[in-house]
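Enquirer: Take this structure first; my questions come after.
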Amino acid sequence: DIFSPDVYADQQVMAWILDTISIHERHTANPAVTGKPPELAGTAASEDAVARGLFSILRLAMAHYQLGGSSQEIMIQGAGVAGADLARLLHAGGRPVVGLSDVHGGLVNRKGLDIPALLAHRERHGSLKDATGDFERMTGKEFIAQPCDVLVPCAVANTLHSNNAELVEAKLIVEGAHGPTSVRADRILEGRGIPVVPDILANAGGVTVSYFEWVQDRSGLFWPQKEIEERMEHIMVDAFAAVADMARRWEVSNRIAAYMLGVNRVAEITQMRGIYA
């Protein structure tokens, strides 16, 4: 079992976990914990790994569903670590973010939000509640109902549920959080013809870089950030292509295709191993 960071478990928490395990193991157990500070055998590129993976999948999904072009509209629900980092990467890459929300509601500007200013405000004050600027402020429910090319839910589980899935006007959903779409909402969106790129694929950048940290800790050789980002990009591109191909061949949703792909890989390996597997 390898510990990895999540909500409320930052680098400091992972350092405490490493220290606790190491005391019991009577040696420094670096490979047992990921998401550690760089000074404690952590890896480069870990802090924004989820967002970088999301950025890659978002680009691939928009091309796959032919949603590119200069008029693309991307909205991010949730301004926490994943949502804020994704907004920052999109803005820096010249892709305007037209909507950003947090627990206090959403901000929308069809020409693109001033992401650096909004994130600076959130860092100073802890939320977007009293942010000022050129945007329309709305409730969370109104935000989800806004028409856009891509809606990226990056907040908490079950953000999209049976009571609001009918309101969604996005052409594509790319899940940044863990389980942001409920089972019933998933069925509603599929019935309405709105494709969903599931969390197991879209936000896998975090666990991918955690895997890289484990590999580096076991070998005692650490890679530069550029190499880590290139390795992650390669994995995310291959994973998206495999899921898209499975969905096409079996005419199923991306979520079912991802599960089919994963289960099939385990089944094939189990058969190879023999009776003790």
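The values are calculated or read from the model by the stated rules, or taken from the named source; none is laboratory data. Only a predicted model underlies this, so the values are computations on that prediction, with no experimental measurement involved. All Cβ positions, glycine included, derive from the backbone under ideal geometry; neighbour counts span all protein chains shown. For accessibility, only protein heavy atoms count, side chains too; no ligands or nucleic acids. Shrake-Rupley method; radii C 1.70, N 1.55, O 1.52, S 1.80 Å.
Enquirer: Using DSSP, restrict attention to beta bridges with both residues in the chain and report what percent are antiparallel, rounded to the nearest 5. Walk me through the numbers on the way to the answer.
Expert: Working: 7 of 22 bridges.
Around 30 percent of the beta bridges assigned by DSSP in the chain are antiparallel ones.
Enquirer: Cα atoms only, the chain: Rg and Dmax in Å?
Expert: Rg, Dmax (Cα atoms, Å): 19.7, 65.
Enquirer: List the lysines whose Cα lies under 27 Å from the Cα of residue 226, skipping any in the same chain that are fewer than 8 positions away.
Expert: Within the straight-line limit of under 27 Å, residue 226 reaches these lysines: 36.
Enquirer: Scan the chain and hand back the longest stretch that contains none of the chymotrypsin sites (Phe, Trp or Tyr not before Pro) lying in DSSP loops with at most 15 other Cβ atoms within 10 Å. Intermediate results must be reported in sequence, preceding the final value.
Expert: On the way: sites that count: 8, 65, 276.
Excluding the exposed sites themselves, the longest stretch runs over 66-275.
Enquirer: If you don't mind, there's one more thing I want to ask. If you build the Cα gyration tensor of segment 1-136 and take the root of 5 times each eigenvalue, what three semi-axes come out, in whole angstrom, biggest first?
Expert: Values: eigenvalues 243, 69, 22 Å².
Whole-Å semi-axes of the equivalent ellipsoid: 35, 19, 10.
Enquirer: Hey, another quick one. What do you reckon, how do 229, 251, 47, 213 stack up by accessible area (1.4 Å probe), largest on top? Please list the in-between numbers first.
Expert: Details: 229 50, 251 160, 47 140, 213 0 Å².
Per-residue accessible area, sorted high to low, gives 251, 47, 229, 213.
Enquirer: Once amide H atoms are placed 1.01 Å from N in the peptide plane, what residues at a sequence separation of 5 or more from residue 136, or on another chain, have their amide H within under 5 Å of its amide H?
Expert: Counting only residues 5 or more places away or on other chains, the set is 108, 109.
Enquirer: Taking amide H atoms as placed 1.01 Å from N in the peptide plane, list the residues 5 or more away in sequence, or in a different chain, whose amide H sits under 5 Å from that of residue 97.
Expert: 113
Enquirer: Here is a further query. HN-Hα J couplings of segment 245-255 from phi, Karplus 6.51/-1.76/1.60, θ = phi - 60°, integer Hz, Gly and Pro as x?
Expert: Those phi angles translate into 5, 5, 4, 5, 5, 9, 6, 10, 5, 4, 5 Hz.
Enquirer: Which residues' amide hydrogens lie under 5 Å from the amide hydrogen of residue 146, considering only partners 5 or more residues apart or on another chain, with H built in the peptide plane?
Expert: 169
Enquirer: Same structure again: In whole Å, what are the extents of segment 1-59 along the principal axes defined by its C-alpha atoms, from largest to smallest?
Expert: If we take the Cα atoms of segment 1-59, the spans are 46, 20, 19 Å.
Enquirer: Charges at C-beta only: +1 for Lys and Arg, -1 for Asp and Glu. How large is the resulting dipole of segment 95-137 about its Cα centre, in Debye rounded to 20?
Expert: Working: 7 positive and 6 negative charges, 22 e Å.
Dipole of segment 95-137, to the nearest 20 debye: 100 debye.
Enquirer: Another question, then. Quick one: helix 49-64 against the long Cα principal axis of the chain, what's the angle to the nearest 10°, folded into 0 to 90?
Expert: Here the helix axis deviates by roughly 50 degrees.
Enquirer: Provide the per-residue ³J(HN,Hα) series for segment 127-141, in order, calculated from phi with Karplus coefficients 6.51, -1.76, 1.60 and θ = phi - 60°, each as a whole number of Hz, with x at glycine and proline positions.
Expert: For segment 127-141, the Karplus-derived couplings read 6, 9, 4, 10, 5, 10, x, 8, 6, 9, 9, 8, 6, x, 5 Hz, x marking Gly and Pro.
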